[in-house]
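Have a look at the structure that comes next, please.
The values are calculated or read from the model by the stated rules, or taken from the named source; none is laboratory data. Owing to the predicted nature of the structure, the values given are computational and were not obtained by experimental measurement. Backbone-built Cβ (ideal geometry, glycine too); neighbour counts: all protein chains shown.
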Amino acid sequence: KMNREEALGYVRPALKNSRYEHTVRVTDKAVELAERFQVDVKKAELAAAFHDYAKYKPLELMERWIKSDRRLPKDLLDYHHELWHGPVGALMLEQEVGLMDAEVISAISCHTTGKKHMSNLDKVVFLADYIEPGRDFPGVDQVRKKAEDDLDEACALALKNTIIFLIGKERTVYPDTFHAYNDLI
Ligand code: DGI
Ligand code: FE
Ligand code: FE
Ligand code: FE
């Protein structure tokens, strides 16, 4: 089982510098949120350190994973490739480093879109990615404020902002994002 430094050391060569720095900030934020909301701190730390591992993997490689691993929903191929790095990265890590904790796999997997029935660990990683101090989305400060005392409300607001942002750009919204949102309000 990897610790923080081993996990960060593992992902670092797979990432650009700015993305690695984002990953460190997400990891710190995930630890802070996990402590606040009684989530397993070690799992949150590990999932956060690994969450963007596949961000720069070649699209063709990720596409092959989606087509060949029956655990990956095929409809991912119908949506923006930006959504692939979570679910594909989780399974790549499982194979490469034997990361077999199902809860950690889940949190990495759904960190971009959310999903129905998110665990508190899923929510902590999702939210940490959204509010880490380097983020500057419209409305992020309101989500940071909510994250001081209500995990569900903070996630719901982050999902709402994302849905509104995507619709404003006339981009598609992956159904899991709606499921996550509906579940929380
Ligand atoms: O990998 P990061 O940049 O750290 O963050 P992320 O994995 O949360 O990716 C967020 C991007 O994904 C953001 O620019 C919005 C975009 N996106 C595209 N389609 C969807 C989507 N996000 C969600 N939640 N749902 C979508 O359907
Ligand atoms: Fe990501
Ligand atoms: Fe995100
Ligand atoms: Fe991220």
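Please go through the range 13-38 and give me each residue that is more than 16 Å from ligand 2 (Cβ to nearest atom), surrounded by fewer than 23 Cβ atoms within 10 Å (Cβ to Cβ) and more than 21 Å from ASP136 (Cα to Cα), ordered by number.
PRO13, GLU35, ARG36, PHE37, GLN38
A further question on this structure: Contact list please: Cβ distance under 9 Å, first residue in the range 100-112 and closer than 12 Å to LEU83 by Cα and within 12 Å of ligand 2 (Cβ to nearest atom), second residue polar (S, T, N, Q) and at pLDDT 95 or above, pairs at least six apart or on different chains.
Sorted first by the residue in the range 100-112, then by its partner, the pairs are THR112/THR177.
Now for a different question. Restricting to the range 1-23, what's the tally of residues that are part of a helix (DSSP H, G or I) and either closer than 23 Å to ASP149 by Cα or of a type in the set (S, T, N, Q) (or both)?
3
Here is a list of conditions, (1) away from ligand 4 (no atom under 16 Å from the Cβ); (2) more than 22 Å from THR177 (Cβ to Cβ); (3) not in a loop (DSSP other than H, G, I, E, B), and GLU45 meets all of them except one; can you say which number that is?
(1)
Which residue, of HIS85, HIS81, is buried (at least 18 other Cβ atoms within 10 Å of the Cβ), modelled with pLDDT of 95 or more and within 16 Å of the chain's Cα centre (by Cα)?
One residue alone meets the criteria, HIS85.
Restricting attention to the range 57-66, does a residue exist that is modelled with pLDDT of 95 or more, more than 16 Å from ligand 2 (Cβ to nearest atom) and within 26 Å of ASP136 (Cα to Cα)?
No, the range 57-66 contains no residue that is modelled with pLDDT of 95 or more, more than 16 Å from ligand 2 (Cβ to nearest atom) and within 26 Å of ASP136 (Cα to Cα).
Which members of the range 24-59 meet the condition of being closer than 26 Å to ASP149 by Cβ and of a type in the set (Lys, Arg)?
ARG25, LYS29, ARG36, LYS42, LYS43
Moving on. Please go through the range 30-58 and pick out each residue that is away from ligand 1 (no atom under 12 Å from the Cβ) and not hydrophobic (A, V, I, L, M, F, W, C).
Scanning the range 30-58 gives GLU32, GLU35, ARG36, GLN38, ASP40, LYS42, LYS43, GLU45, LYS57, PRO58.
Can you name the condition, by its number, that ALA128 falls short on among (1) within 11 Å of ligand 3 (Cβ to nearest atom); (2) within 12 Å of the chain's Cα centre (by Cα); (3) without any contact (Cβ under 8 Å) to a residue 24 or more places away in the chain?
(3)
Same structure again: Which residue is surrounded by the fewest Cβ atoms within 10 Å (Cβ to Cβ), if the candidates are limited to the range 113-125 and must be within 16 Å of VAL143 (Cα to Cα) and of a type in the set (Val, Ile, Thr)?
VAL124
Filter the range 44-71 down to residues that are farther than 22 Å from ALA14 by Cα and either surrounded by 18 or more Cβ atoms within 10 Å (Cβ to Cβ) or touching a residue at least 40 places away in the same chain (Cβ under 8 Å) (or both), then give me how many there are.
Residues that pass the stated criteria total 0.
Residues of the range 162-182 being assigned to a helix (DSSP H, G or I), away from ligand 2 (no atom under 16 Å from the Cβ) and within 18 Å of GLY86 (Cβ to Cβ), which ones?
ILE163, PRO175, PHE178, HIS179, TYR181
Based on this model, can you work out whether ASN161 counts as in contact with a Gly (Cβ under 9 Å, 6 or more places away or on another chain) and either modelled with pLDDT of 95 or more or among the aromatic types (Phe, Trp, Tyr) (or both)?
Taking the combined requirement at face value, the residue satisfies it.
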